[in-house]
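Everything below concerns the one structure shown next.
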Amino acid sequence: MYSVGSQGTSKVQAVEVTKALKRCRWPCAQDRWVVDTASGCSFGCLFCPVRWRGLAEGQVQVHVNVPDLLKHELKTRARDGLPKPEVIINASTDSFQPVQAVLAVTYQSLEILLSEGCKVHLRTRGEVPEGFGDLLKHYADQLSVEVTFFSMDNKLASLYEPGAPTPQRRLDSVRRLHAWGLEVRARIQPLVPFITDTVGHIEELVRHLRSVGIERSSASYLVLRPHVLDRLHGRLPHAHLHLIKGSFKGTAWRKVGLHQLTRVLGERTRRQGYARLGTVAERAGLKWHVCACQNPDMGRNCFADLKSEQAEPCGQLDLFPSAS
Ligand code: SF4
C-alpha cells in the first residue's frame, strides 16, 4: 500500500486487491458480478450501510490493480467458455466519488468491460464527469444507470450526505447521462421517517426527478445498524435523533444471516410512507417500486426486466448492504 496523498478532506491510498470480479451478494442480483474500484467513500453518508473495517472516516483506498485483474479474469473466463459477466459498478463504495485516482480506475475498468462486450450497471450518489461522455455514449446499449437521491432540501442533504454532490448537481448529471443516450433510473434512499418522507419532501423530489426525464425509481427506508446508529448519534441534531429513535421504538436488533445486527422500521410505518410516495408518484407519472433488498417483506427485485411494468418479487428473506 502506498499513499497517493489527499484530495479534499479525503486521505487517499493505493492498494492492490486479489480479485476484480466478485459475485454479487444482493439477493436480487445474484447472477451478476460486482467490481469495486475503491474501499471507503469520500461522501461520508451518515446512513451508509457499509463498514470499511480498519479505515478511518474520509480514508479512501483505491484498488489500483483492478483494470489489470479485469483483463486477466475476462480472458480466463473466455478461455474456459464462460459467458460474459454482467457487472455492477459498484456495491460497497461510490466509484464516481470525486477522487481522481478512483475515477481513473473506474474509467479504465469501464473501458475494459464495455469493449469486451459486457453489460454494465452503474450505481452512484455522485456525478458522472463529462470526461466519461464519449465512452458511455459509444456503449450506451450495454449500460444502465441508477442515480441515488436523498432529498431536494440542500440543508438535509448536506447534513446526511455531507460529501456528496448537491441534489441539483446530481440532476444535472442525470441530464447529461440522458443526453449521452443512457437509460437512467433513480433510487430514493433512504427515506428517513418524519424527515424526508413527508408529502412535501416527496412531492418536491418526485417533481425534480420527472423534470429531468426520470421515469422509474426504487425506494427504501433507513435501515439501522450499530455503526449507523453511532454515526447518527454523533452527527445529528437532537430533534432528528429523537424522531428517528422514536420511529424505530419497539423494533428489535436482529442478526440477519451472516451479517450484522439490523433494525428495520416497523411494517406499518413503512407501508404508510410508501403509500404516500405511491400517491405522489402516480400523480407525477413516475413508476416506482419498493427495493426488496431493504424490504424483504414487501419489496420487488430492482434488476428484473427494467422495461416491464412489474418487477419480480425478490422472495429473499435477508437484508444486504447496498451502498450509494
Ligand atoms: S452510501 Fe454510498 S455514497 Fe454514501 S458513503 Fe456509503 S458508499 Fe458512499
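The values are calculated or read from the model by the stated rules, or taken from the named source; none is laboratory data. What you are looking at is a predicted structure, and each value in this text was computed from that prediction instead of being measured. When we count neighbours, we look across all protein chains shown, and the Cβ atoms used for this are built from the backbone with ideal geometry, even at glycine. Only protein heavy atoms, including side chains, enter the accessible area calculation; ligands, DNA and RNA are left aside. Shrake-Rupley method; radii C 1.70, N 1.55, O 1.52, S 1.80 Å.
Assorted remarks:
- Degrees between helix 267-284 axis and first principal axis of the chain (Cα, 0 to 90, nearest 10): 70
- With helices as the sole contributors, the chain gives -10500 deg cm²/dmol at 222 nm; each DSSP H run of n ≥ 4 counts as -39500 (n - 2.57), and the sum is divided by every residue.
- Portion, in percent, of the accessible area of the chain that falls on carbon or sulfur, probe 1.4 Å: 50
- Ligands, DNA and RNA excluded, the heavy atoms of residue 132 present near 10 Å² of accessible surface to a 1.4 Å solvent probe.
- Distance between the pseudo-spin-label points of residue 30 and residue 79 (7 Å out from Cα toward the beta carbon): 3.0 nm.
- Placing dummy labels 7 Å off each Cα toward the beta-carbon, the span from residue 276 to residue 115 is 4.9 nm.
- Karplus-derived 3J(HN,Hα) values for segment 290-303, using 6.51 cos²θ - 1.76 cosθ + 1.60 with θ = phi - 60°, are 7, 6, 5, 4, 9, 9, x, 7, 8, x, 10, 6, 5, 9 Hz; glycine and proline are entered as x.
- Lysines whose Cα lies under 27 Å from that of residue 84, excluding same-chain neighbours fewer than 8 positions away: 19, 22, 71, 75, 119, 137, 307
- The gain in end-to-end length when the residue 134 to residue 245 segment is fully stretched comes to 35.3 nm, 0.36 nm per residue minus the alpha carbon separation.
- The HN-Hα couplings worked out from phi for segment 225-240 by the Karplus form 6.51 cos²θ - 1.76 cosθ + 1.60 (θ = phi - 60°) are 10, x, 5, 5, 4, 4, 5, 4, 4, x, 10, 9, x, 4, 4, 5 Hz, whole numbers, x standing for Gly and Pro.
- Residue 267-residue 215 pseudo-label distance in nm [points 7 Å out on the Cα-to-Cβ vector]: 3.4
- Under 22 Å from the Cα of residue 255 - lysines, other chains or at least 8 residues apart: 245
- Protein-only accessible surface order, largest first, of 160, 139 at 1.4 Å: 139, 160
- Kirkwood-based Rg to Rh ratio, segment 2-290, C-alpha trace: 0.96
- 242, 178, 121, 289, reordered so the largest accessible area comes first (probe 1.4 Å): 242, 178, 289, 121
- Largest first, the residues 71, 155, 287 sort by 1.4 Å accessible area into 155, 71, 287.
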